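*Asks:* I am attaching a structure below and will ask some questions about it afterwards.
The values are calculated or read from the model by the stated rules, or taken from the named source; none is laboratory data. All values derive from a computational prediction rather than experimental measurement. Neighbour counts run over all protein chains shown; Cβ positions are idealised from the backbone, glycine included. Accessible surface areas use protein heavy atoms only, side chains included; no ligands, DNA or RNA. Shrake-Rupley method; radii C 1.70, N 1.55, O 1.52, S 1.80 Å.
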Amino acid sequence: MEKKTALESNIEKVLQELEKEGYCQSTILLYKRAYNGLLKDAALMQVDTLSDALADYFVKDSASRKTGQYCHLRKHLHSSCIRKLRGYEEKGYIGWKPRMDRKIDRPLTVGFQNIHSQFLEQLKIEGKSENTVESCRNVSCKFLIFIEGQGYTCLKTVPPELIHDFFHELRATWNSASLRTAATRLRSFLRFAEYGDRLITEIPAKLPKKTTIIPVLTQEEEQAIWGVLKTDAVSSRDKAIMILALITGLREVDIVNLKLSDIDWKCNVISISQRKTNKPLILPLLPAIGNAIARYIVNDRPKTDSPYVFLSCNAPHRPLKGRGGCYHVVKKIFLRAGIRLGNELKGTRLMRHHMASKMLKKGVAVQTISLTLGHVNPDSADIYLTTDEKKLRDCALTLSAIPMKVGGLQ
């Protein structure tokens, strides 16, 4: 029996993933036919993996077999085939991925490519979240591409001072918070990579920290939101998502990954393992939340075996996307309420800020707020002190006790 190529094996697995995701058989057949065409192109190009050249050729093959004219549906199908195949090769599943026209740069050196892939694989083995893996991928990849541009193809020969040059380049476009994240991610990569330890000490230990006053909803905005939620202008699913975010401050990734089994209706609690921290979090199932979720499950949730609570309205009724899945829900409700129609912060992060701010104003201890939000570091909730103007004024020091010398202008 002839051994399958890596491309054939991955295509077979993608088709299996499509079945698991609930795609109908007619759609799976379309993908299967398209992938057969990709395999023929691979045979002509004498390659057995999905190279960039093969992918570009396949996507550009967008002419209808019948008319010979450009066919948008054909190009869309071919782009989707490549996107899913790339996604499976990189992450092991066919979930949301950037579109084909948003290329991800990769180091050109084979040795760098190998160590980069091994690093990401190790992060997955360690159980790091998808966001953490993606953040590490981005920073380590930028670093490898940077030192390639300086003429180096092995970490052993990289001079330590290039670390400073790398961060100097990042400062041109990255804010202070992103720079601190970059420092952490690069340390992680260099600890893993051979010959990387000697470069770690050159990573800036103290990067500028900018503390901003985080935005929250005004009382009028919150009232407008609740006004919309009491009407039939919003679906039961979107109401449940909004109420859950508004009252609990759950992260978007935890809302879209909420499972039916996470809700204990008898004990009135929601128990999850947070995607960002992998730490358990138990929240009270308050009546407003429970009633909203129950109405959605009983009346409008698609009849499916999916374990997830919130599903897409259209077949194959998959879970909402991990990034942006709730953003559009919140944005739509804001539009109905006539609030934040410009470039102001929207989405579940704003709900998270707002919930913490309300707790703070009611006199709830910062440590308790941190526990409710599921922070690993209790000090993470200190940022919410910026939302309480009265407390900030109380913290201000008077200058009356400081002796001042008054002199004329020179």
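*Asks:* Going through region 253-269 one residue at a time, which ones are open to solvent by 10 Å² or more (accessible area, probe 1.4 Å) and not acidic (Asp, Glu)?
*Replies:* From region 253-269, those open to solvent by 10 Å² or more (accessible area, probe 1.4 Å) are 253, 257, 259-269; that's our starting set.
Correct list: VAL253, ASN257, LYS259, LEU260, SER261, ILE263, TRP265, LYS266, CYS267, ASN268, VAL269.
*Asks:* Test ILE247 against the criterion of being open to solvent by less than 30 Å² (accessible area, probe 1.4 Å) and touching a helix residue (DSSP H, G or I) at 6+ places or on another chain (Cβ under 8 Å), and give yes or no. Steps first, please.
*Replies:* Numbers: open to solvent by less than 30 Å² (accessible area, probe 1.4 Å): no; touching a helix residue (DSSP H, G or I) at 6+ places or on another chain (Cβ under 8 Å): yes.
So ILE247 does not fit the description; no.
*Asks:* May I pose another question? Residue check: is GLU194 surrounded by fewer than 17 Cβ atoms within 10 Å (Cβ to Cβ) and assigned to a helix (DSSP H, G or I)? Outline the logic, then answer.
*Replies:* On the way: surrounded by fewer than 17 Cβ atoms within 10 Å (Cβ to Cβ): yes; assigned to a helix (DSSP H, G or I): no.
The answer is no for GLU194.
*Asks:* Identify the residue in region 120-154 that is open to solvent by 40 Å² or more (accessible area, probe 1.4 Å) and β-branched (Val, Ile, Thr) and, among all such residues, is modelled with the highest pLDDT.
*Replies:* ILE145
So that you can scan it fast, the table gives a plain yes or no per residue for (1) part of a helix (DSSP H, G or I); (2) at pLDDT below 75; (3) buried (at least 16 other Cβ atoms within 10 Å of the Cβ); (4) hydrophobic (A, V, I, L, M, F, W, C):
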site: ALA315; (1), (2), (3), (4): no, yes, no, yes
site: GLY322; (1), (2), (3), (4): no, yes, yes, no
site: ILE333; (1), (2), (3), (4): yes, no, yes, yes
site: ARG340; (1), (2), (3), (4): no, no, yes, no
site: GLU344; (1), (2), (3), (4): no, no, no, no
site: HIS354; (1), (2), (3), (4): yes, no, yes, no
site: GLY363; (1), (2), (3), (4): no, yes, no, no
site: THR368; (1), (2), (3), (4): yes, yes, no, no
site: LEU385; (1), (2), (3), (4): yes, yes, yes, yes
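*Asks:* Among the residues of region 175-185, is any free of Cβ contacts under 8 Å to residues at least 40 places away in the same chain and either under 21 Å from GLU90 (Cα atoms) or of a type in the set (Phe, Trp, Tyr) (or both)? Spell out how you get there, then give the answer.
*Replies:* In the first step, residues of region 175-185 are kept if they are free of Cβ contacts under 8 Å to residues at least 40 places away in the same chain; the result is 175-180, 183-184.
Keeping just the survivors that are either under 21 Å from GLU90 (Cα atoms) or of a type in the set (Phe, Trp, Tyr) (or both) gives none.
Within region 175-185 (the criterion being free of Cβ contacts under 8 Å to residues at least 40 places away in the same chain and either under 21 Å from GLU90 (Cα atoms) or of a type in the set (Phe, Trp, Tyr) (or both)), the answer is no, since none of the residues qualifies.
*Asks:* TYR70 - would you say it is more than 30 Å from the chain's Cα centre (by Cα) and either more than 30 Å from LEU123 (Cα to Cα) or open to solvent by 80 Å² or more (accessible area, probe 1.4 Å) (or both)?
*Replies:* Details: more than 30 Å from the chain's Cα centre (by Cα): yes; either more than 30 Å from LEU123 (Cα to Cα) or open to solvent by 80 Å² or more (accessible area, probe 1.4 Å) (or both): yes.
Yes, satisfied.
Residue by residue, here is whether (1) modelled with pLDDT of 90 or more; (2) of a type outside the set (A, V, I, L, M); (3) assigned to a helix (DSSP H, G or I) holds:
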site	(1), (2), (3)
GLU12	yes, yes, yes
LEU18	no, no, yes
GLY22	no, yes, no
THR27	no, yes, yes
TYR31	yes, yes, yes
ALA34	yes, no, yes
LYS40	yes, yes, yes
LEU54	yes, no, yes
PHE58	yes, yes, yes
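*Asks:* For region 59-67, does any single residue satisfy the condition of being crowded, with 17+ Cβ neighbours inside 10 Å and in contact with a helix residue (DSSP H, G or I) (Cβ under 6 Å, 6 or more places away or on another chain)? Break it down stepwise before answering.
*Replies:* Here is the first cut: in region 59-67, the ones crowded, with 17+ Cβ neighbours inside 10 Å are 59, 62.
Those still in the list that are in contact with a helix residue (DSSP H, G or I) (Cβ under 6 Å, 6 or more places away or on another chain) too: 59, 62.
Yes: one or more hits.
*Asks:* If you don't mind, there's one more thing I want to ask. Applying the selection to region 202-231, what residues are in a loop (DSSP other than H, G, I, E, B) and modelled with pLDDT of 90 or more? Step through it out loud before you land on a result.
*Replies:* If we filter region 202-231 for residues that are in a loop (DSSP other than H, G, I, E, B), which is where we start, we get 202-218, 230-231.
GLU202, ILE203, LYS230, THR231, listed by residue number.
*Asks:* Let me ask something else about it. Would you please name the residue that is modelled with the lowest pLDDT, looking only at residues in region 83-115 that are in a helix (DSSP H, G or I) and among the small types (Gly, Ala, Ser)? Spell out how you get there, then give the answer.
*Replies:* Here is the first cut: in region 83-115, the residues in a helix (DSSP H, G or I) are 83-91, 110-115.
When the remaining residues are screened for being among the small types (Gly, Ala, Ser), the result is 87, 111.
Values: GLY87: 85, GLY111: 89.
Across region 83-115, the extreme among qualifying residues is GLY87.
*Asks:* Looking at TRP226 and the list (1) farther than 24 Å from TYR23 by Cα; (2) buried (at least 20 other Cβ atoms within 10 Å of the Cβ); (3) among the aromatic types (Phe, Trp, Tyr), which single condition is not satisfied?
*Replies:* The number of the failed condition is (2).
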